[in-house]
Amino acid sequence: MHPAPSVIIFSVLSGLGFGFMCFMALGFLPLTGLWAFWAWAIGYALAVGGLIASTTHLGNPQRALKAFSQWRSSWLSREGWAAVLALFALAPIALGDWLGFAVPYAWRGLAAALAVITVVCTAMIYTQIKAVPRWHHWLTPVMFLAFALAGGALLAMQATLSFFLLLVLAVVMLVLFFVGDRQFARAGSTMGTATGLGARGDVSVFEQPHTGGNYLLREMIFVVGRKHAMKLRVIAVLCAAVLPALMAAVGGVGLMLVAVLVHLVGAFAARWLFFAEAEHVVGLYYGKR
Amino acid sequence: MTCLPDMTQKKLGLAIDLDTCVGCHACVTACKGWNDQGYGAPLSDQDAYGAEPSGTFLNRVHSYQVQPAQGAAQTINFPRSCLHCEDAPCVTVCPTGASYKRVEDGIVLVNESDCIGCGLCAWACPYGAREMDADEGVMKKCTLCVDRIYNENLPEEDREPACVRTCPTGARHFGDFNDPDSKVSQLAAARGGFDLMPEMGTKPTNKYLPPRPKDQRLEASLLAPLLDIEAKGFAGWLDRVLGKI
């Protein structure tokens, strides 16, 4: 799949933002006054900035509001609702922390839950797609959640908690690389099933249907840069999880902030791979993956 | 609503005969020609006369080589377009309700004035049936020529999809798969019409008819009988002598 920058920026930043605000809502980082204002501003900037980035890949962004209508069937629509509800639910907590009034714990819990649900909905947009076998696995939402919570805990300066969450993230990433590499074969789609000619013999491309490019080749059959996949996997796991975990183990606000930046580099690498390594079954028609 | 209907009154679709398709791409051009006008945004081209032409098409014809375990390979031309699936994953993922499956005839359509061009439906389709139009930013797909098949301004013989109407070998058939007596149902039953990628669970309406078995054994090369010539006379003598040196 084509790793569109808008979607990578969206899923990384808004995931981190919602993860961070989840911990803020639960009172893990008890800040007051201007410090609270700036902390919440960072959370909102990440979440909203990511959501705005996601609209830039739309062909007709002026109609984006229509995307709220199909929550009964569409995870993308549900994600929109969850994000808006979470941002509204978090607002009184942010104001309370800043201006110094109390918000009931039940409300804080609800807002944190909505933030988590938003991340799960984001993940389900990809997980639901059967035609991309690498994504179509229950570990995909676990991975998105692990990124959001580990990154969020790190940004919320939770040294011990983030240490353990980052270790979980490392394990999930490694397991998902292993499982993901086998998903396409497990789905059972081949050029034989795609053309229905598999029982007659070995199917190969004799001639492509068109000599120029098209939307399918650009969007779904992205093969550029896969040769560096192994190096990027190592960079992703080291930067997103291992190095920040070590920094969290040492602790200290300065080092934790550096850890957040290192984690972000790893998260971007991991999310780029998430798209670039994902193979769509339509590639079978073109004899490409 | 992008929820799928429980059932549709008709199941309009195509039966595509891989035996008679000669891969002429006439269906591709007819489809492009018809969908340049009338229904929805016209299928656009980019850099049409330049170095890297590219464009939106709703139908593409692939050519495959099938090599059996024994005997010669076979070339099979393979038109690929929307299969108007019963369990269309492209419809349920749509966040805006632009994608829908019609209750009356099962045709999967896009309401372009609701489409935000997010591309998720194209990701969800295993068959590559949907292409985003680069000029309009909306998703294009086969409409089964919904603006022809019910169009009373057209002569009756033209009230079928443009690809079917134009096919010079009669490899494409249009009809109702819900009616067991329809031409397409009969063809699919008689010829063993099959689904593409059944493992994806999409339950396609369109059926592909497999190539018929050949009545003559296929030679690896039509020139094979000519390749094994015994040289006679002077040439034969020369052949033997040169072979001994």
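The values are calculated or read from the model by the stated rules, or taken from the named source; none is laboratory data. Computed from a predicted structure; not experimentally measured. Glycine also receives a Cβ, built like all others from the backbone with ideal geometry; neighbour counts cover every protein chain displayed.
Between residues in the range A:270-282 that are over 12 Å from A:ILE221 (Cβ atoms) and residues that are outside any helix (DSSP H, G or I), which pairs lie under 7 Å by C-beta distance while being six or more apart or on different chains?
Note: pairs meeting the criteria are A:TRP272/A:PRO3; A:PHE275/A:MET1; A:PHE275/A:HIS2; A:PHE275/A:PRO3; A:GLU277/A:ARG134.
Can you tell me how many residues in the range B:178-216 are more than 15 Å from the chain's Cα centre (by Cα), surrounded by 17 or more Cβ atoms within 10 Å (Cβ to Cβ) and among the small types (Gly, Ala, Ser)?
3
For A:ALA259, which of the numbered conditions (1) surrounded by fewer than 18 Cβ atoms within 10 Å (Cβ to Cβ); (2) within 12 Å of A:LEU166 (Cα to Cα) fails to hold?
(1)
Within the range B:67-87, restricting attention to residues that are modelled with pLDDT under 95 and of a type in the set (A, V, I, L, M, F, W, C), which residue is farthest from A:LEU197 (Cα to Cα)?
B:ALA72
Going by the structure shown, is A:TRP75 closer than 24 Å to B:PRO89 by Cα and touching a residue at least 24 places away in the same chain (Cβ under 8 Å)?
yes
Check whether at least one residue in the range A:219-226 is within 14 Å of chain B (Cβ to nearest Cβ) and either of a type in the set (S, T, N, Q) or not in a loop (DSSP other than H, G, I, E, B) (or both), and report yes or no.
There is at least one residue in the range A:219-226 that is within 14 Å of chain B (Cβ to nearest Cβ) and either of a type in the set (S, T, N, Q) or not in a loop (DSSP other than H, G, I, E, B) (or both).
Among the listed residues A:LEU155, A:LEU145, identify the single one that is away from every other protein chain (no Cβ under 14 Å) and either within 13 Å of the chain's Cα centre (by Cα) or among the β-branched types (Val, Ile, Thr) (or both).
Every option except A:LEU145 fails the conditions.
Take the residues in the range B:59-84 that are hydrophobic (A, V, I, L, M, F, W, C) and in contact with a Lys or Arg (Cβ under 6 Å, 6 or more places away or on another chain), then tell me which one is nearest to the other protein chains (Cβ to nearest Cβ).
Looking at residues that are hydrophobic (A, V, I, L, M, F, W, C) and in contact with a Lys or Arg (Cβ under 6 Å, 6 or more places away or on another chain), I get B:VAL66.
Looking at A:GLY59, A:GLY27 in this structure, which one is assigned to a loop (DSSP other than H, G, I, E, B), more than 9 Å from every other protein chain (Cβ to nearest Cβ) and more than 21 Å from the chain's Cα centre (by Cα)?
Testing whether each residue is assigned to a loop (DSSP other than H, G, I, E, B), more than 9 Å from every other protein chain (Cβ to nearest Cβ) and more than 21 Å from the chain's Cα centre (by Cα) leaves just A:GLY27.
I need a count of the residues in the range B:66-98 that are assigned to a strand (DSSP E or B) and surrounded by 16 or more Cβ atoms within 10 Å (Cβ to Cβ).
The number of residues fulfilling the criteria is 8.
Kindly establish whether A:LYS231 is in contact (Cβ under 8 Å) with a residue 12 or more places away in the chain, surrounded by fewer than 20 Cβ atoms within 10 Å (Cβ to Cβ) and either over 17 Å from the mean Cα position of the chain (by Cα) or in a helix (DSSP H, G or I) (or both).
no
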